[in-house]
Protein chains: 4
Amino acid sequence: VKVSFLGLGRMGHAIAGRLADAEYDLLVWNRTPGRAGELTGRGAVAVDSPREACAGRDVVITMLSHDDALRQLAFGEDGIVANLPPGSIHVVMGTHGVDAVIELAARHEAAGQALVAAPVLGRPDAAAAGELGIIVGGPAEAVERCRGLLAAIGRRTFAAGERAESAMAIKLANNFVLGGAIEVMAEAFDLARGYDVKPAVLYEVLTGGLFAAPAYKVYGQIIVEEDYDRVGFTVELALKDINLALAAGGHAAIPLPSAGILRDRLLGAMAHGDADRDWAVLAREQTRASASEATGPRRSPAQ
Amino acid sequence: VKVSFLGLGRMGHAIAGRLADAEYDLLVWNRTPGRAGELTGRGAVAVDSPREACAGRDVVITMLSHDDALRQLAFGEDGIVANLPPGSIHVVMGTHGVDAVIELAARHEAAGQALVAAPVLGRPDAAAAGELGIIVGGPAEAVERCRGLLAAIGRRTFAAGERAESAMAIKLANNFVLGGAIEVMAEAFDLARGYDVKPAVLYEVLTGGLFAAPAYKVYGQIIVEEDYDRVGFTVELALKDINLALAAGGHAAIPLPSAGILRDRLLGAMAHGDADRDWAVLAREQTRASASEATGPRRSPAQ
Amino acid sequence: VKVSFLGLGRMGHAIAGRLADAEYDLLVWNRTPGRAGELTGRGAVAVDSPREACAGRDVVITMLSHDDALRQLAFGEDGIVANLPPGSIHVVMGTHGVDAVIELAARHEAAGQALVAAPVLGRPDAAAAGELGIIVGGPAEAVERCRGLLAAIGRRTFAAGERAESAMAIKLANNFVLGGAIEVMAEAFDLARGYDVKPAVLYEVLTGGLFAAPAYKVYGQIIVEEDYDRVGFTVELALKDINLALAAGGHAAIPLPSAGILRDRLLGAMAHGDADRDWAVLAREQTRASASEATGPRRSPAQ
Amino acid sequence: VKVSFLGLGRMGHAIAGRLADAEYDLLVWNRTPGRAGELTGRGAVAVDSPREACAGRDVVITMLSHDDALRQLAFGEDGIVANLPPGSIHVVMGTHGVDAVIELAARHEAAGQALVAAPVLGRPDAAAAGELGIIVGGPAEAVERCRGLLAAIGRRTFAAGERAESAMAIKLANNFVLGGAIEVMAEAFDLARGYDVKPAVLYEVLTGGLFAAPAYKVYGQIIVEEDYDRVGFTVELALKDINLALAAGGHAAIPLPSAGILRDRLLGAMAHGDADRDWAVLAREQTRASASEATGPRRSPAQ
């Protein structure tokens, strides 16, 4: 299988490295040059344009951070759709909106190509270690042809079904569930603190019981230590994903009240200058709303 | 230590049984007679009134389901405060509102008694097996004197601090966090289903990753199987607790937007006749809001 | 008709004055003595206890600010229910919760008395001028017997039906609609200001068009001038009423999402020390959430 | 002044008619042909393309219903920006998003042209009668040059300032305030009905008091009569505007919790098949949430 990988940010670089190490015939490209360096030492060949990266390939993989970047790379004369051979496959591994994916799938289908969405679960270090989860959606035959490739990349795949956007819906749902857990923790820690409870005690109760899972341990720890500069996922990126979840809901006429609250709180964090902090900083937004940031533990209005 | 146990519902019965088996000098009482039966065979002595249950005891424990029941039992001529000796301790193990607990603590203090709040984490079967978690709040000396007793009951204690209501705040925060997890799952499963995703696949993604914890496994399973008659915690009791969390927030001037959404959805479930179903039925409320209950997977308005 | 009036706050005093001037046989009482003074010059007779105020009267009117005060005055040995003659009527003119009113109505009915709820629309100065609107609910015959009395007090009555709590539901709905108007204005003015719009311009657009009504003119003006010390209705009293609206919704299993937002924002205002300011200060809560209070007009995160 | 008018829907047709009657040198164009007919009899000249409509004109006015339509018409080789002479003005009278307007203003400025935003308040019949309100934003000199033109169209102008998007922010804020009024009425009428209150009585209380304004009279009447097919503004168009308000908030990092609720309820209405009904149908969404649509007046869960 001749593969090309476009988009060599931290995550893309780690995934492309897995393919290089698995000795795939691999071309790599990045908008900003100079990112391929180390990969070429592992067998990848750097090319100068998306056009070159597409010509004559079986599979082209993209790992991009925004829908706009995906559209720019996919459409137009020099884009993926125009330059990938018929019968080939575009695997989208970034997290994108359902609208963008639906549009892209239609364009690829019209060009005799297939779109497979394969967003990932995990961080770049997990990617490098082959520990990613991969959610896969797209036409069954195309998905089948990607099986080996995806096995070389990740630990496990989840089958989303025949619609590429279904895979994105699952990825967005996963991040939304995480955001919901963080927001409710933010409120719950503030409530407890209003009654002089040490945050570490509530943390113990939660993670020692019904919530003994990474979502609560990792983000709860950040909240307890108010260490919002230890960034797993920034407010800005989280806002992007929650907006995509809301848009996916909008597209399908599904109200998502908890996502609305998350969006408002993330916007508040943006406004307060926390765009680049970890999104557990929602706990600080909560204390701004309750004035407990400024004044310490609450006193009852009635006291 | 001479102990009395008041309130022999399923949870109270299980806890009192632990104390009987540990050979405590134990009086038991229940509003509705006939609940003590089996306990007397294990060494407990049934009495006919709260007054009898209080006279000359070191510790009286209550396990009641509502604030009103607690107030009725504690106050008045025949109540706990009036009949418990000075120097004794009232251990409240039910889940109660902070207002009720603050009032009760003040009354006990005025009578030379101490109030310890000790709400529990776990179900009646866990209680019978000595597997409960216990959150303990109250004056340090009184808490210290309860140590052996609580060790006979549960697996682990969490120290909430010197205010009894702090323990309730933690318990309410814990249940609120659980409700938040359920509500966000409810929305996320509906979103995914709107894109033809099988609920079981999203369940695998969640519980196989960041959310590998009982809250998501137990309630996610109920949602996937739409098996809302497999009741862990009813909508009606959940609404009681969320209202107590909101009241605790109100008392301390802490806004809790996620609790507001939970309250609304639980009220909707009440209105739709699901009061006695498991609160995972919030997933059904979500599908009512998005009309997907009636119409199956969503279609985009634009299609 | 022999009438007694209990509760001589600003509103109660103004209403009792109307009855005095209409030459009713009028007894007056207030918990804190010394409030009746000027009324006695107009023909009212001050009495020393609720018991005296009830004995042998046809109608007793209460104007109290809290449910607790109403319960204390109505129940117990020295209370209204115990001391009012059979066949007489208790007219509740304060704004109370539906639960309190339902309980009170049942007690009066059991005592052979009738409860009429008659909450008012308007301020004390409108009351003094006979310009109040009065919402009347209760048994038809009792309402009919109050007709002359209410005509002496207000400008217009609205018939809520045979249930006393229906009148309270209308009053609470009215205040809730007002709160909703204020909250949405708060958000809209902040949105406009984020685009360098002068608040006075948006005010002109609103009040010169679809919103040419006192709710928008009075509270919009306060928002434009940020003059939250010009108090029409305090945050604390508004919170009481919104909580009563939420409780009325809870009692009837009716979710009220907009009331949830109002509650959260009013709690935030309490927490920020604005309890005694006009509830238009919700506009300041909004600017706290968007950080525009501190930083002036918003800049796009993307700029 | 040589004027062109593009977009002859109901509103555009009515406004263009005002200009024709005022004897402006007027070219008209519409994407779907055959809409100009009657206008040509009043002195307008129909042209076949936007290019023709732009060449050599002083002012081109667009009245379009979507941002996409505006972008398609404005950009590209045959678009407004490319074909309007330097020094000329584009007046955008449709309701558009701030992002689209900011982008458009930059493009016009780069081409030596000016963008003036002039969204309108009122319905097509008001437009035909010259009764519109017009919110005007853009560079002062360009706005000044449009003064006569706008005076020929409307009854009154509101000065939004030098940024075109400011005018859009005001228009969106106005519609958001209207939506908020409708949603809170929806909830309040449901609350009242839960206590057997006839909707017409609450309507009298509201519109006879603080809410004696068209927003409450028009939409309250529709709610009282449940006459959602009497359409002033459809759910689908309302959703578009609320989404634009949320996007404007997002662009400036301003959380808008009430808009989030509106969005969810409008999506629910879409999902329930009410896209083409008047947005007062939010009252029906509310009764769906409270189950009172199906079951009639609520009964307390406790009864």
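The values are calculated or read from the model by the stated rules, or taken from the named source; none is laboratory data. Predicted model, so just to flag it, every value in this text is computed and none were measured. Virtual Cβ from ideal backbone geometry, glycine too; neighbours counted across all protein chains shown. With ligands, DNA and RNA removed, areas are computed over all heavy atoms of the protein, side chains included. Shrake-Rupley method; radii C 1.70, N 1.55, O 1.52, S 1.80 Å.
Calculate what fraction, in whole %, of the accessible area of the protein assembly as shown sits on carbon and sulfur atoms when a 1.4 Å probe is rolled over the protein chains.
51 percent
In nm², what is the average projected area of the convex hull enclosing the Cα atoms of the stretch B:213-253?
With the hull built on Cα positions only, its mean projection is 3.7 nm².
If each DSSP helix of 4+ residues adds -39,500 (n - 2.57) and the sum is divided by the residues in chain C, what number results at 222 nm, nearest 500 deg cm²/dmol?
-15500 deg cm²/dmol
How large is the direction-averaged shadow of the alpha-carbon convex hull of the stretch A:152-204, in nm²?
5.5 nm²
Could you please point out the chain D residue with its Cβ nearest to the axis of the rotation taking chain D onto chain C, and the distance in whole angstrom?
D:Ala213, 2
Across peptide B:124-131, what mean number of C-beta atoms from other chains lies inside 10 Å of a residue's C-beta?
That average works out to 0.
Just round it to a whole percent: the fraction of Cα-Cα distances in chain C exceeding 35 Å.
Everything past 35 Å amounts to 27 percent.
For B:Lys2, go through the lysines and keep the ones whose alpha-carbon is under 29 Å away, minus same-chain ones fewer than eight residues off.
Those lysines meeting the cut-off are B:Lys171.
Normalised by the residues of the stretch D:1-117, what does the relative contact order come to in percent, with Cα pairs under 8 Å and at least six apart? Display every interim value, and only then the final one.
Working: 220 pairs, mean separation 27.6, N = 117.
So the answer I get is 24 percent.
What's the average, rounded to a whole number, of partner chain beta-carbon atoms within 10 Å of each residue's beta-carbon in D:284-292? Intermediate values should be presented prior to the final figure.
Numbers: counts 0, 2, 5, 2, 6, 13, 12, 12, 4.
Average per residue, whole number: 6.
State, in angstrom, two size descriptors of the stretch D:90-222 derived from its alpha carbons: Rg to one decimal place and Dmax to the nearest whole number.
In Å, with Rg to one decimal and Dmax whole: 18.9, 64.
From other protein chains only, count the Cβ atoms within 10 Å of every residue's Cβ in D:199-206, then give the mean.
5
Once ligands and nucleic acids are excluded and a 1.4 Å probe is used, how much of A:Leu115 is accessible, expressed in Å² to the nearest 10?
10 Å²
In whole angstrom, how long is each semi-axis of the equivalent ellipsoid of the stretch D:182-268, when you take the square root of 5 times every eigenvalue of its Cα gyration tensor and sort them from largest down?
The answer is 27, 14, 13 Å, longest axis first.
Just to verify a number: FRET efficiency for C:Glu23 and C:Asp78, C-beta to C-beta distance, R0 = 25 Å, to 0.05?
Rounded to the nearest 0.05, the efficiency is 0.30.
Sequence gap at least 6, Cα distance under 8 Å: using those rules, report the relative contact order of chain B to the nearest whole percent.
13 percent
Taking 1 over the mean of 1/r across every pair of different Cα atoms in the protein assembly as shown, what Kirkwood radius in Å do you get?
This gives a value of 32.9 Å.
Using DSSP to define loop residues, name the chymotrypsin sites (Phe, Trp or Tyr not before Pro) in the stretch C:1-107 whose beta-carbon has at most 15 other beta-carbon atoms within 10 Å.
C:Phe75
Give me the accessible area per residue for the stretch C:1-86, probe 1.4 Å, as a whole number in Å².
Values: 3990 Å² over 86 residues.
Ligands and nucleic acids excluded, the result is 46 Å² per residue.
Taking a label point 7 Å from the Cα of B:Glu38 along the Cα→Cβ vector, which residues of the stretch B:128-156 have an amide N closer than 13 Å to it?
Flagged as within label range: B:128-129.
Calculate, for the stretch D:147-290, the solvent-accessible area per residue in square angstrom, rolling a 1.4 angstrom probe over the heavy atoms of the protein chains.
27 Å²
Looking at the stretch C:234-258, which residues lose a minimum of 40 Å² of accessible area between their chain alone and all protein chains in place, measuring with a 1.4 Å probe and not counting ligands or nucleic acids?
The answer is C:His251, C:Ala252, C:Ala253, C:Ile254, C:Pro255, C:Leu256, C:Pro257, C:Ser258 - residues whose exposure falls by at least 40 Å² when every protein chain is included.
Output, in nm with one decimal and in ascending order, the distances from the B:Glu293 label point to the matching label points of the other copies (7 Å from Cα along Cα-to-Cβ).
The projected label point of B:Glu293 is separated from its counterparts by 1.1, 3.9, 4.0 nm.
When the solvent-accessible surface of protein heavy atoms is calculated with a 1.4 angstrom probe, in what order do A:Thr95, B:Thr157 fall, highest first?
These residues rank, largest area first, as B:Thr157, A:Thr95.
Tell me the relative contact order for the stretch C:194-271 as a rounded percent, counting alpha carbon contacts under 8 Å between residues six or more apart.
RCO, the stretch C:194-271: 24 percent.
Between A and B, buried accessible area summed over both sides at probe 1.4 Å, in Å² to the nearest 100?
Summing both sides, the interface buries roughly 5700 Å².
Rounded to whole Å, give me the distance from the Cα center of the stretch B:143-209 to that of the stretch C:51-65.
51 Å
First check a/c for the stretch D:132-182, with a ≥ b ≥ c the square roots of the eigenvalues of its C-alpha gyration tensor; if it is under 1.5, answer rounded, and if not, answer prolate when a/b is larger than b/c or oblate otherwise.
Oblate, because a/c is 1.5 or more while a/b does not exceed b/c.
Exposed loop GluC sites (Glu not before Pro) only (DSSP loop, at most 10 other Cβ atoms within 10 Å): please give the longest stretch of chain A free of them, not including the sites.
On the way: sites that count: A:Glu23, A:Glu77.
Between exposed loop sites, the widest span is A:78-303.
Kirkwood Rh and Cα-based Rg: tell me the resulting Rg over Rh for the stretch B:15-132, rounded to two decimals.
In the stretch B:15-132, Rg relative to Rh is 0.94.
Within the set of other residues whose C-beta is less than 12 Å from the C-beta of A:Glu204, count the net charge using Lys and Arg as +1 and Asp and Glu as -1.
It works out to a net charge of +3.
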